[in-house]
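To start, the structure itself, in structure tokens.
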Amino acid sequence: MSLIEQQLPSIPGKRYFTISETSGLCEVKQHVLRYWEQEFSQLRPIKRKGNRRYYQRHDVLLIRQIKELLYDNGYTILGAKQKLNADENSKQIKESAFKDIEQEVQELIDILD
DNA sequence: CTTCTGACA
DNA sequence: TGTCAGAA
């Protein structure tokens, strides 16, 4: 989406990534990743044996997005949270709007038949 | 050897 | 956010 995102290493075709790999993939320190996990409810890597974190592609993408908001567009953590929640809401709104239109189209089709 | 938690600067 | 200790 943004210029900086293009510069980060592309995500390998693996399913899970250790915190070490994720840190490298996103260029965000490990302890920061753990901290963000407390701040952003959207960020929830699955935990396995020994409480080790395993991140998936969407986690990596989310982290990159958060990093972009925080480091590149001077958002505060609170602002970034609100931004992400707003995006999530508009996404849901668009989805429900799509369903409504889909419904109306179907009704028009029925009328034409 | 890597990662985790908790504590403290 | 950075760093360290001690455990797993």
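Go through A:71, A:54 for me and flag whichever is under 17 Å from the mean Cα position of the chain (by Cα), of a type in the set (Phe, Trp, Tyr), at negative phi and part of a helix (DSSP H, G or I).
Going through A:71, A:54 in turn, just one is under 17 Å from the mean Cα position of the chain (by Cα), of a type in the set (Phe, Trp, Tyr), at negative phi and part of a helix (DSSP H, G or I): A:71.
Only one of these conditions is not met by residue A:100: (1) modelled with pLDDT under 95; (2) more than 15 Å from DNA strand C (Cβ to nearest atom); (3) not in a helix (DSSP H, G or I). Which number is it?
For residue A:100, the exception is condition (3).
Mind checking which residues of region A:46-72 are acidic (Asp, Glu) and closer than 16 Å to residue A:21 by Cα? Spell out the reasoning first.
Filtering region A:46-72 for residues acidic (Asp, Glu) gives A:59, A:68, A:72.
Once the filter is applied, which keeps residues that are acidic (Asp, Glu) and closer than 16 Å to residue A:21 by Cα, region A:46-72 yields only A:59.
Name the single residue, out of those in region A:39-70 being under 18 Å from residue A:9 (Cα atoms) and polar (S, T, N, Q), that is most open to solvent (accessible area, probe 1.4 Å).
A:65
Pick out, from region A:1-42, the helices (runs of 4 or more DSSP H) lying fully within it that include 1 or more residues that are at pLDDT 95 or above and within 15 Å of DNA strand B (Cβ to nearest atom).
Helices (runs of 4 or more DSSP H) meeting the threshold: A:19-26, A:30-39.
The values are calculated or read from the model by the stated rules, or taken from the named source; none is laboratory data. What you are looking at is a predicted structure, and each value in this text was computed from that prediction instead of being measured. Please note: Cβ atoms are built from the backbone with ideal geometry, for glycine as well, and neighbour counts cover all protein chains shown. Remember, those area values only see protein heavy atoms, side chains included, never the ligands or the DNA or RNA. Shrake-Rupley method; radii C 1.70, N 1.55, O 1.52, S 1.80 Å.
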